[in-house]
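The values are calculated or read from the model by the stated rules, or taken from the named source; none is laboratory data. All figures in this text were calculated on a predicted structure; none of them were measured in a lab. We place every Cβ from the backbone using ideal geometry, glycine too, and count neighbours over all the protein chains shown. Keep in mind that these areas ignore ligands, DNA and RNA; they rest on the heavy atoms of the full protein, side chains included. Shrake-Rupley method; radii C 1.70, N 1.55, O 1.52, S 1.80 Å.
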Amino acid sequence: MRRVFALLLAAATLVNPNAIWAQESADDSRKYLLDRVDDVAIVQLYVDGFDQLTLKEKTLIYHLSQAAIAGRDIYIDQRYRYSLRIRSVLEQILTHPDGIDDETIAAIRKYMKLFWVNNGPHSSLTAQKNLLECSDQALRDAARQAAKNGANLPADDDELTKRLDEIGPVLFDPNFETHVTQKSPGEGIDILTASANNLYDNVTTADLDGFKERYPLNSQLVKGDDGQLIERVYRSGLDSLVPAGMYAEPITNIIKHLESAIPFATPEMARALGALVHYYRTGEAADFYGYNIAWVADKDSPVDTINGFIEVYMDARGMKGSWESAVYFNDPIKMDMIQKFADNAQWFEDHMPYDKQFRKESVKGISAKAIQVVMETGDSGPVTPIGINLPNDAAVRQRYGSKSVSLSNVMEAYEKASTRTARAEFCFDDAEFERADKWKSIALALEVNMHEVIGHASGQVNAGIDPAASIKEYYSALEEGRADLVALYFIGNPKLIELGLVDNEDDLREMQLAAYEAYTRNVMTQLRRIKSGTTIEEDHMRNRQMIVSWLAVNTGAIKVDVRDGKTFFRVADVAAWHQGVADLLAEVQRIKSEGDRPSAERLMKDFAININVELRDEVLRRYADLDQPAYTGFVQPELHAVTDDDGNITDITISYPQDLETQMLKWSGAKQ
Ligand SMILES: [Zn+2]
């Protein structure tokens, strides 16, 4: 539930050669931006420092990466029940193209690029469905030809027709299962039936009244013909007492790779991995709880992984975990800033602008790292967050703390792959643009780290309150807003000078202004992701609109100028901006601490959810002229095990395929 996406980069992105991220290791010959498909940029992810790792660490990363790849189809299936069937047909056509007309192949290739990036037909950011841009007949002809070419497709015409009939509405009908998730589908429409994801089958929210889930995170709920609810747990099974569940086969493969990894892990990490394996077998919530404790306890291992049913954004109810994996190692060069926040977490908690009763008397267990991520799959790849804070379990967090990571090489890739054009478009004048240019990298790094390290970790919840359970579908956006507000509150604080993160008072003031300006502009520029409709669904986008809209309505912090028919959101008063952030943070913290759902709902409905359609249309027009990508899918590095004659691993090499299609066809097995 706690991830930062690169939406802060919205109004654009650029390379600042003096920035802390423009580091010595970056190689100018690297090709970052590989491809563009509609509003998606496809970018190669690079890893710095891999070769300096020990063979043991590299081998560990290798096995964990195999575990990451082994589970990715789970997420593809969770996201949409037709996805694996669609993939198997379209990838077979792509790999057996002889005699199929070029236009059809091009349409299928384009569709699959979007599919690969989003792990299915629906966009990761807008939740809306992409369509295949050829005729139904052209697809049928192509499939028949591919079958003749030896594709793994039914040679029998009736069989093939049946298979294509089944996926036809998904590919061609714009009104069929349009959204993977809809948390606000409109009056009288149920959030579960309006969401096309595969976490529920034939179930409405009303069906769940009084139904207690045994496996809240790792199960699918199905309503049978007799109206009975069935909970299908995801697990491999253990013995006759714990039978195999849903996704048993991929989970068994994940376990196999995790077990290969364990001998190369530190004792602390080996304990966590062992607990994870046990949980994958039983599927029991208590075992997941135990795993989370072991995972949080392992604070010092240089290599780490996230692997499991973790984030709940895709579920309109905010309960079911989407499968994901990330494999990463410490980035010592960039650890310094994060460590400073972690070491001073108590100071920040003591200076929070919210009521004293909601402050933690001792903030503990904060662990924050800058990392180089080597592999991300499932819900965290190819579209990746730039910061992660886990575990989500409130009880574990309260008692044992949490771990935060900031994905250095992802942030670097964003910067290297993008241009300055879009920012120039939405800055009011040269002074604002130059401030943005000068401060973007450092301000973003500070904001992301404060969001994760002192943001999510902060604040005390009242006894007996489970804010997520009380606030329900508005909780994620509220909590993301809270973490952003903490970062925005402290971004101009002299403490940053004392910690050696900013040089002097002048720099601090200028950076604070630049950060507020960027955040203010973003409420406009993020609208480009809402191509149609009148509401925002994604939680981070909601929280950002909430903050800026609230400031605009309740303070004198923001002014809107129009010049030559173009709208500009500007900072009118830095002090008012800062005071507004303090006031809103105090209120948001109170809402969380008390589990005050009515207030959360009012904040969301008044400020976060509904968009100004006229403004959105203007933003879309201006972006259309700029031709900027709206989000990014990353091609992952490839690891290769070098073995001796006896099969022992003697080295792990890393390479960069620079081609999404090659990687995806290899991973699915469509092409070796
Ligand atoms: Zn967050």
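A compact table of results
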{"read-out": "Whole-Å distance, taken between Cα centres, linking segment 53-97 and segment 554-633", "value": "37 Å"}
{"read-out": "Relative contact order for the chain, counting Cα pairs under 8 Å that sit 6 or more residues apart, in percent", "value": "19 percent"}
{"read-out": "Range of Cα positions in segment 509-561 per principal axis (Å), largest first", "value": "37, 22, 22"}
{"read-out": "For segment 87-104, Karplus couplings with θ = phi - 60° (6.51, -1.76, 1.60), whole Hz, Gly/Pro x", "value": "4, 5, 6, 6, 5, 5, 5, 4, 8, 9, x, 4, x, 9, 5, 4, 5, 5"}
{"read-out": "Additional length obtainable on full extension of the chain from VAL242 to ASP627, 0.36 nm per residue less Cα span", "value": "133.2 nm"}
{"read-out": "On Cα atoms only, tilt of 285-297 relative to the major axis of the chain in degrees", "value": "50 degrees"}
{"read-out": "Segment 352-485 - percent of accessible surface contributed by carbon and sulfur, probe 1.4 Å", "value": "48 percent"}
{"read-out": "Cα-based helix-to-principal-axis angle, 267-282 vs the chain, degrees rounded to 10", "value": "50 degrees"}
{"read-out": "R0 of 35 Å, Cβ-Cβ distance ARG163-THR535: FRET efficiency to nearest 0.05", "value": "0.50"}
{"read-out": "Integer Hz, Karplus 6.51/-1.76/1.60 couplings in order for segment 52-68, x for Gly and Pro", "value": "7, 6, 6, 4, 4, 5, 5, 5, 4, 4, 4, 5, 5, 5, 4, 5, 5"}
{"read-out": "Nitroxide proxy distance, nm - points 7 Å out along Cα→Cβ at VAL560 and TYR289", "value": "4.9 nm"}
{"read-out": "Carbon/sulfur fraction of accessible area - segment 81-180, other protein chains in place, 1.4 Å, %", "value": "45 percent"}
{"read-out": "Average accessible area per residue (Å²) across segment 81-180 - probe 1.4 Å, nucleic acids and ligands excluded", "value": "42 Å²"}
{"read-out": "Residue among VAL581, ASN198, ALA272 farthest towards the positive dipole end of the chain, charges placed on Cβ", "value": "VAL581"}
{"read-out": "Alpha carbon convex hull of segment 81-180, projected area averaged over orientations, nm²", "value": "5.7 nm²"}
{"read-out": "Dipole-positive endmost among ILE100, MET375, ALA436 within the chain (Cβ charges, Cα centre)", "value": "ALA436"}
{"read-out": "Unit charges at the beta carbon, dipole of the chain: most positive-side option, ALA151, TYR111, GLN182", "value": "GLN182"}
{"read-out": "Amide hydrogen neighbours beyond the local backbone of ASP35, cut-off 5 Å, H modeled", "value": "ILE42"}
{"read-out": "Net length gained if the chain between ASP102 and ASP336 were fully extended (0.36 nm per residue, minus Cα distance)", "value": "79.0 nm"}
{"read-out": "Efficiency of FRET from Cβ geometry, GLN346 and ASP503, R₀ 22 Å, rounded to 0.05", "value": "0.35"}
{"read-out": "Alpha-carbon centroid distance for the pair segment 639-659 / segment 397-453, whole angstrom", "value": "34 Å"}
{"read-out": "Average Cα contact separation per residue, segment 81-180, under 8 Å, 6 or more apart, as relative contact order %", "value": "33 percent"}
{"read-out": "Extension gain, ASP430 back to ASP156 (0.36 nm per residue minus Cα-Cα distance, nm)", "value": "92.1 nm"}
{"read-out": "Calculated FRET efficiency for the pair GLU187/THR653, C-beta based, R₀ 60 Å, to 0.05", "value": "0.60"}
{"read-out": "Exposed-site-free run, longest, the chain (rule: GluC sites (Glu not before Pro); DSSP loop; at most 10 other C-beta within 10 Å)", "value": "362-672"}
{"read-out": "Sorted peptide list for 34-41, 95-102, 269-276, 520-527, criterion being average Cβ within 10 angstrom, highest first", "value": "520-527, 269-276, 34-41, 95-102"}
{"read-out": "The chain, dipole about Cα centre (Lys/Arg Cβ +1, Asp/Glu Cβ -1), debye to the nearest 20", "value": "860 debye"}
{"read-out": "Pairs of Cα atoms farther than 31 Å apart, the chain, %", "value": "53 percent"}
{"read-out": "The chain: angle of helix 539-554 to the longest principal axis, Cα-based, in degrees nearest 10", "value": "30 degrees"}
{"read-out": "Structure-based [θ]222 nm, the chain - -39500 (n - 2.57) summed over DSSP H runs of at least 4, per residue, nearest 500", "value": "-14000 deg cm²/dmol"}
{"read-out": "J(HN,Hα) series, segment 423-430, from Karplus relation 6.51 cos²θ - 1.76 cosθ + 1.60, nearest Hz, glycine and proline x", "value": "4, 4, 4, 9, 7, 6, 8, 4"}
{"read-out": "Mean shadow area of segment 241-387, taken as a quarter of the surface of its Cα convex hull (nm²)", "value": "11.5 nm²"}
